[in-house]
1. Just order 18-27, 31-40, 64-73 by mean Cβ neighbour count inside 10 Å, highest at the front, would you?
2. Starting from the coordinates of the alpha-carbon atoms of region 9-89, obtain the Kirkwood hydrodynamic radius over all distinct pairs and give the value in Å to one decimal.
3. Round to a whole number: what % of the accessible area of region 1-89 belongs to carbon and sulfur, probe 1.4 Å?
4. Quick one: accessible area per residue over region 1-96, 1.4 Å probe, rounded to a whole number of Å²?
Amino acid sequence: VVFADLVIDAARHEVRKRGELIRLTPREFELLVTMSAHPGLVFTRNQLLNRIWGDEVFDERLVDVHMAGLRKKLEDDPATPRYIETIRGVGFRFGSRSVSSSPAHSPSQRFASPAPAESQAWRDDTNNDAGASET
């Protein structure tokens, strides 16, 4: 995946910015690859926890900690991120503009829509939040 001056090569497990290799932790890399596979799609913290940490039980704020580390390494100015956006009250989105695929990826992979289970998870998260506020 190519986004502006950022190149994410999942097969080589590499991220480069302006040609320079960026060292990421395994979890930071997994977060970035997961989100960049669906540019423009908003992921809730819970969705990211389930995808990256699986059955391990952690607080949702763990995602925030890893996002902060990722932004420190990727962004020119982490206070005004251009790669990973925070969608207040919802979650995170990998940049929604200027995304192009590498030659190894088909154009349809650039803007992949979530699988039905992911769409359901989004609705479940929304319904749980709404239900919690009604009680």
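The values are calculated or read from the model by the stated rules, or taken from the named source; none is laboratory data. What you see is a predicted model, and the numbers here were worked out from it, not measured in a lab. Neighbour counts are summed over all protein chains in view; Cβ atoms, including those assigned to glycine, are modelled from backbone coordinates with ideal geometry. Keep in mind that these areas ignore ligands, DNA and RNA; they rest on the heavy atoms of the full protein, side chains included. Shrake-Rupley method; radii C 1.70, N 1.55, O 1.52, S 1.80 Å.
1. Values: 18-27: 11.9, 31-40: 20.2, 64-73: 16.4.
Result, highest mean Cβ count within 10 Å first: 31-40, 64-73, 18-27.
2. Working: mean 1/r = 0.0752 Å⁻¹.
That comes to 13.3 Å for region 9-89.
3. On the way: 2470 of 4870 Å².
Exposed carbon and sulfur together represent 51 percent of the surface.
4. On the way: 5040 Å² over 96 residues.
Here the per-residue accessible area is 52 Å².
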